[in-house]
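Student: Okay, handing you the structure first.
Every read-out reported here was derived from the displayed coordinates using simple, explicitly stated rules and does not represent laboratory data. No experiment lies behind these values; they were computed from the predicted model shown. Cβ: placed from backbone, ideal geometry, glycine included. Neighbour counts: every protein chain shown.
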Amino acid sequence: MSLRSLLTTAATAGAISLNAAHAAPSAADLNFDANHYVKREVELRGQRITVRAYENIVYVAKPVDASLQAMNIYVPDAYFRGERIGAFTAETAPIFLPNQVGGYMPARPGSLDGAKMPGPPNRPNTIAEALLRGYIVAAPGARGRTNQNAEGRYTGKAPAAIVDLKAAVRYLRFNDARMPGNAERIISNGTSAGGALSALLGASGNSADFEPALRALGAAPARDDIFAVSAYCPITNLEHADAAYEWQFDGVHDYKGISISMLDFKVERKEVAGTLTADQIALSNALKTQFPAYLNSLALRSPDGRALTLDAQGNGPFKDYVKRLLIASAQQAQAAGQPVGATAGVKLEDATVRDIDFAAYVRGMARQKTPPAFDALDLGSGENDLFGTEQVKARHFTEFSLANSRIAGATRADAQTVRMMNPLSYLGAAGATNAAFWRIRHGAADRDTSFAIPTILALTLQQQGRPVDFALPWGVPHSGDYDLDELFAWITQITRTPAAER
Ligand code: DHB
């Protein structure tokens, strides 16, 4: 938005009444109305900022569910006075796009009133943190796997959530001239299923695969590629995640998990623990043997050019590479005063991490999931539910689980839907615009998916010349947004990188 039109807006816009701001959103009009806001004071760690809150903006003309296909947009008030925040102005401020998705479940737009979705109790208010640093924040909701309409049809199965996030991006770009912030600097953020969708959003920019679904929703006519991706513990590459899990937890038969269920946006956690049965051990063995062939088919190389392969037993340079990431993480923690010597498998000498025994380390972690970790044979996983249809609650999405299904009449998701949920389908692919910058974090204590999954994503990006900031932070379980100072420092750095150096 130009400074002049912003200042004009500021002069003409009075504070509007709460009633007006909370009236039912008008879906048909995709033009952003800068005058339609409420002022909010945001206070964090003794710092205060006044923002204009544009809430429940429906981002498609023909919503299926207007409470979910909506976003909350927050703009620092200073930008309407022609002021700067740090290096940013109303024209240059990047747009931070934190999706709220967890568990591939329905997500309401993100709000200043705190995280509505699963996560640790003291999860930071990422939206407030971004606003204090001068970002425009657009926090979209999205449909999820359990949504049903009045007729009982499912309305949020794959690929609904990614279609919705793309529609949100299109809305922001369509309205770039009417809104503070630079829609060519959209930085997506998400955790777990939300991390997977963040990566998919960054990979699949402008792909024609999503066009029919976007058109059906009445998405704004604009591009949907984004500038950068932040993904925490992305639960992605689902069709290979079962094999990757068994490769990592090879021989680990004890499981200790948390079963999470969500009802009406309330999260319930239940501890489950046990030992794999003989049948499950047989499944584990069958799945783990699939992984080397898949991994080798990717022809991955380390940043220094070494071929990262695996032998038939699952050993070799790729495993060594993952181990080196863990060693680097442990060393960094040790140097930062977080002792690592007591962790199973870590070989420490004179405060230096000499080695990590991978098998001992993963045994110490214990597995969280039973095989197959994602495409459950009883169709009971969240991912089975994700791959349902309007009329079918849950489907398989791998050949292996279909062949071994315990459910009579179970079916498998069509290849195109599975493809459309995997960012790897779009990296370097014709017809897709990939985000320029990537930051991927997956905690070294995260057992929700294999370390191989984010590592494959990061290596694929690197091989295609995309800068990737990737790490497995030490001791960190399945979670996100735990290092916001570093995240925002990264964003500052990438938004300063001239186009020629990308
Ligand atoms: C999430 C966690 C999982 O273990 C999974 O399989 C899918 C999603 C999540 O936290 O979003």
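Student: If one takes the longest principal axis of the Cα atoms in the chain, at what angle in degrees, from 0 to 90 and to the nearest 10, does the Cα axis of helix 193-203 lie?
Tutor: 70
Student: If you stretched the chain out fully between K270 and R406, how much longer would it get, using 0.36 nm times the residue separation minus the C-alpha to C-alpha distance? Kindly include the intermediate steps, with their values, before the conclusion.
Tutor: On the way: separation 136, 0.36 × 136 = 48.96 nm, distance 2.42 nm.
So the chain would gain 46.5 nm between K270 and R406.
Student: Which far-off residues, 5 or more places away or on another chain, put their amide H under 5 Å from the one on A219, with H placed in the peptide plane?
Tutor: So A219 has HN proximity to A61.
Student: Under a Cβ-Cβ cut-off of 11 Å, what is the net charge of the residues other than I281 that fall near it, where Lys and Arg count +1 and Asp and Glu count -1?
Tutor: Details: positive: K288; negative: E246, D250, D279.
Charge balance in the 11 Å sphere: -2.
Student: Given the C-alpha centroids of region 358-403 and region 31-96, what is the distance between them in whole angstrom?
Tutor: Taking the Cα centre of each part, region 358-403 and region 31-96 sit 38 Å apart.
Student: Taking 30 Å as R0, compute the FRET efficiency from the Cβ-Cβ separation of A150 and K393 and round it to 0.05.
Tutor: Working: r = 17 Å, r/R0 = 0.57.
That gives a FRET efficiency of 0.95.
Student: Cα axis of helix 3-12 to longest principal axis of the chain: angle in degrees, 0 to 90, nearest 10?
Tutor: With rounding to tens, the tilt is 60 degrees.
Student: Grab the beta carbon distance between D350 and T50, set R0 = 51 Å, and tell me the FRET efficiency rounded to 0.05.
Tutor: Numbers: r = 52 Å, r/R0 = 1.03.
Once rounded, the FRET efficiency stands at 0.45.
Student: Any chance you could give the angle, 0 to 90 degrees and rounded to 10, that helix 160-174 forms with the longest Cα principal axis of the chain?
Tutor: Roughly 40 degrees between the two axes.
Student: Between N315 and I281, what is 0.36 nm times their sequence separation minus the Cα-Cα distance? Round to one decimal in nm. Provide the component values of the computation, followed by the final result.
Tutor: Values: separation 34, 0.36 × 34 = 12.24 nm, distance 1.94 nm.
Contour length minus the Cα-Cα distance gives 10.3 nm.
Student: For region 216-221, what does the Karplus curve 6.51 cos²θ - 1.76 cosθ + 1.60, with θ = phi - 60°, yield as ³J(HN,Hα) per residue in whole Hz, taken in order and with x for Gly and Pro?
Tutor: 4, 7, x, 5, 4, x
Student: Okay, next question. Between A360 and Q493, how many nm apart are label points set 7 Å from Cα along the C-beta direction?
Tutor: Once both label points are built, they end up 3.3 nm from each other.
Student: Place a +1 charge on the Cβ of each Lys and Arg in region 24-104 and a -1 charge on the Cβ of each Asp and Glu, then give the dipole magnitude about the Cα centre in debye, rounded to the nearest 20. Working shown, then result.
Tutor: Numbers: 8 positive and 9 negative charges, 43 e Å.
The dipole magnitude comes to about 200 debye.
Student: Continuing with this model, one more query. For the chain, what is the Kirkwood hydrodynamic radius in Å, using each pair of distinct C-alpha atoms?
Tutor: Details: mean 1/r = 0.0427 Å⁻¹.
After inverting the pairwise mean of 1/r, the radius is 23.4 Å.
Student: Long-range amide H contacts for I186: which residues qualify at under 5 Å (H placed 1.01 Å from N, peptide plane, sequence gap of 5 or more or a different chain)?
Tutor: For I186, the qualifying residues are I95, F227, A228.
Student: Net charge around T449, counting only other residues with Cβ within less than 14 Å of its Cβ (Lys, Arg = +1; Asp, Glu = -1)? Don't skip to the answer; put the middle values down first.
Tutor: Values: positive: R367, K369, R441, R447; negative: E239, D242, E246, D375, E383, D446, D448.
It works out to a net charge of -3.
Student: Which pairs, out of K256/K393; K62/K157; K323/K347; K270/K369; K288/K369, put more than 21 Å between their alpha-carbon atoms? Don't jump to the answer; show the numbers that get you there.
Tutor: Working: K256/K393 27 Å; K62/K157 18 Å; K323/K347 12 Å; K270/K369 13 Å; K288/K369 14 Å.
Long pairs (Cα-Cα over 21 Å): K256/K393.
Student: What's the local net charge at G251, with K and R +1, D and E -1, over the other residues with C-beta under 11 Å away?
Tutor: 0
Student: Also, I was wondering about something else. Out of region 280-367, which trypsin sites (Lys or Arg not before Pro) are coil in DSSP terms and have no more than 16 other C-beta atoms within 10 Å?
Tutor: Details: sites: K288, R301, R306, K319, K323, R324, K347, R354, R363, R367; in loops: R306.
Passing sites in region 280-367 are R306.
Student: Let me ask something else about it. Please tell me the relative contact order of region 241-419 in percent, rounded to the nearest whole number, where contacts are Cα pairs under 8 Å and at least six residues apart. Write out the running numbers ahead of the final one.
Tutor: Numbers: 255 pairs, mean separation 34.5, N = 179.
The value is 19 percent.
Student: About its Cα centre, what dipole magnitude does the chain give when the only charges are +1 on Lys and Arg Cβ and -1 on Asp and Glu Cβ, stated in debye to the nearest 20?
Tutor: Details: 50 positive and 50 negative charges, 120 e Å.
Taking the Cα centre of the chain as origin, the dipole is about 580 debye.
Student: To continue, here is another question. Which length gain, in nm to one decimal place, applies between T92 and E184 when the Cα-Cα distance is subtracted from 0.36 nm times their residue separation? Numbers along the way, then the final one.
Tutor: Values: separation 92, 0.36 × 92 = 33.12 nm, distance 0.94 nm.
Length gained between T92 and E184: 32.2 nm.
Student: As an exercise, use a Förster radius of 35 Å and the Cβ-Cβ distance of R324 and A429 to find the FRET efficiency, rounded to the nearest 0.05.
Tutor: 0.75
Student: Continuing with the same structure: Considering only DSSP beta bridges whose two residues both sit in the chain, what percent are antiparallel, to the nearest 5?
Tutor: 60
Student: I would also like to ask the following. Treat each spin label as a single point 7 Å out from the Cα along the C-beta direction, and report the D469 to A307 distance in nm.
Tutor: Inter-label distance under the simple model: 3.4 nm.
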